[in-house]
1. Just tell me, in residue order, which DSSP H segments of the chain are both 18 angstrom or longer along the helix axis (alpha-carbon based) and at least 1.6 in mean Kyte-Doolittle hydropathy.
2. What lysines does K139 reach when the alpha-carbon gap must be under 16 Å and sequence neighbours fewer than 8 apart in one chain are set aside?
3. Assign unit charges at the C-beta atoms only (+1 for Lys and Arg, -1 for Asp and Glu), then state the dipole size of the range 283-429 relative to its Cα centre in Debye, rounded to the nearest 20.
4. What residue among H272, H327, H108 has the largest mean-square fluctuation in a Gaussian network model of the chain, using Cα springs under 10 Å?
5. For the chain, what does the helix formula give at 222 nm: sum of -39500 (n - 2.57) over DSSP H segments with n ≥ 4, over the residue count, nearest 500 deg cm²/dmol?
6. I want the local charge near F239. Using Cβ-Cβ distances under 14 Å, sum +1 for each Lys or Arg and -1 for each Asp or Glu among the other residues.
7. Find the relative contact order for the range 1-142 and round it to a whole percent, using C-alpha pairs within less than 8 Å whose residues are 6+ positions apart.
8. Run down the lysines and flag those whose C-alpha is under 21 Å from the C-alpha of K242, throwing out any fewer than 8 positions away in its chain.
Amino acid sequence: MSDSWLGKYYTILSLSLVYCLGSSVLAVTSFPWLSGNPPSPWGCFIGLLLLALGTGGIKPCVSSFGGDQFKPSQVRSVAIFFSVFYFAINAGSVLSMFIAPILRSDIHCYGQQSCYPLAFGLPALLMIVATGVFVAGRKAYVRLNPSGNIVLKVLRASGMAVYAKFKSQSVDSVDHWIDRARSDEFSESFLNDCKKLFSLLAIFTPICIFWALYDQQGSRWTYQAMLMEPKVTLFGFSFNVKPEQMGLVNAVLILVMIPVFDKMVYPNLQKHGIRLRPLTRMNIGMALGSVSFLMAALLQYSIMKNSSFAPVDEDESALQCVGNCVHILYQIPQYIVLTAGEIMFSITGLEFAYSQAPETMKSVCQSAWLLTVAFGNILVLILNELDMVKLVFGEGNKQLQTINFVFWALLLGLGLALFAYLTYDYHYA
């Protein structure tokens with residue numbers, strides 16, 4: 001839609017309206033008197049489907065559209081933009097994780113002990129306002145014209161190149177397989193853009209393993225927190241930290257650590273002659289992700305070795321610690337290491353996917369980058385379904401979760417080795 005037809009501005013605008021509609025559907029259908037009590041699941045399904053369509057179109061276009069506002073010489077400014085962009089995303093995440101549960105549970109409406117219409121309605125209203133603010137700045141934006149149906153052209157050129165390979169009986173010497181599509185239909189510059197696209201797609205292949213680990217902080221790390229001591233005493237006040245709330249640590253650390261890396265870590269390293277190029281940062285980020293899961297494995301080993309547990313209630317398999325519990329705040333070091341890895345990997349990756357993409361394929365490459373997140377989640381689903389660790393070590397093994405953490409850390413280590421190999425002699429645009 002963006003690179004081929006509407007351009008980035010109108011793609012963002014049109015799909016923001018779809019997003020607003022999805023948010024509104026969730027809010028409206030959460031009223032108990034409108035769709036029953038409990039509400040019909042169809043409102044939730046349709047709302048989430050519209051949200052998925054909206055965010056799937058907005059995300060790759062917003063980041064690349066932001067990059068388009070800078071001149072080619074403003075390399076440092078582009079890097080700062082992607083850091084601020086990532087900061088803004090996580091600032092929104094922190095606010096939503098803090099405010100939405102309060103609106104849902106602490107406010108009562110329509111005779112209910114909760115207020116889902118308000119919890120869904122406020123984000124819908126804010127998204128409508130945000131879309132209006134985006135439109136208000138339309139005259140100030142740099143808008144690059146779409147350059148035809150890029151995806152279709154790439155597929156057609158690829159098909160012609162493969163067909164030419166099978167049709168030819170001779171051994172032809174071409175620098176790249178796509179060169180066999182050279183004709184009046186496809187210019188030399190377009191084929192060069194295709195080469196760059198395929199090079200980036202190859203580099204993106206092992207990246208999904210990082211996201212497979214990263215997104216498990218909301219599942220495996222949360223389950224780990226359930227087995228720990230939740231009571232925190234601060235300045236004489238005591239309160240319990242819910243396992244799900246530990247996810248806030250990552251979001252808050254990102255807000256703190258982004259300016260630290262941009263203003264202190266990277267400049268000081270450069271001052272001492274250590275210039276970390278984008279792919280080097282990404283390699284280090286993946287390594288830190290693997291280390292964070294090894295730290296989680298060590299913590300899990302200590303929990304299972306020293307603590308005693310009891311079922312939460314008679315009907316569930318969930319456990320809670322009842323003796324010699326390891327404190328939940330011991331998870332913070334692994335969150336710090338993972339967040340440092342995320343900053344070096346994810347922010348740099350966004351900038352890399354934009355800066356290295358051909359001019360005609362900026363949104364396509366951003367989409368490919370974001371698809372690695374989806375493939376990472378699919379990888380988790382597949383491997384968890386196979387559950388090879390349980391098959392090998394036995395269902396009754398007390399340290400199964402520890403072994404799982406080690407398994408994922410080693411898997412990311414293999415992904416890191418493949419990524420390092422693919423990027424070893426990469427030539428930056």
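1. Helix filter hits for the chain: 116-136, 247-260, 400-422.
2. Straight-line reach from K139, under 16 Å: K8.
3. Dipole about the Cα centre, nearest 20: 400 debye.
4. Among H272, H327, H108, the largest mean-square fluctuation in the Gaussian network model of the chain belongs to H272.
5. Counting only the DSSP helices, I get -21500 deg cm²/dmol.
6. +1
7. 30
8. Output for K242: K231.
The values are calculated or read from the model by the stated rules, or taken from the named source; none is laboratory data. Nothing here was measured: the structure is a model prediction, and the numbers come from that model. We place every Cβ from the backbone using ideal geometry, glycine too, and count neighbours over all the protein chains shown. The area values use the complete protein model at the heavy-atom level, side chains included, leaving out ligands, DNA and RNA. Shrake-Rupley method; radii C 1.70, N 1.55, O 1.52, S 1.80 Å.
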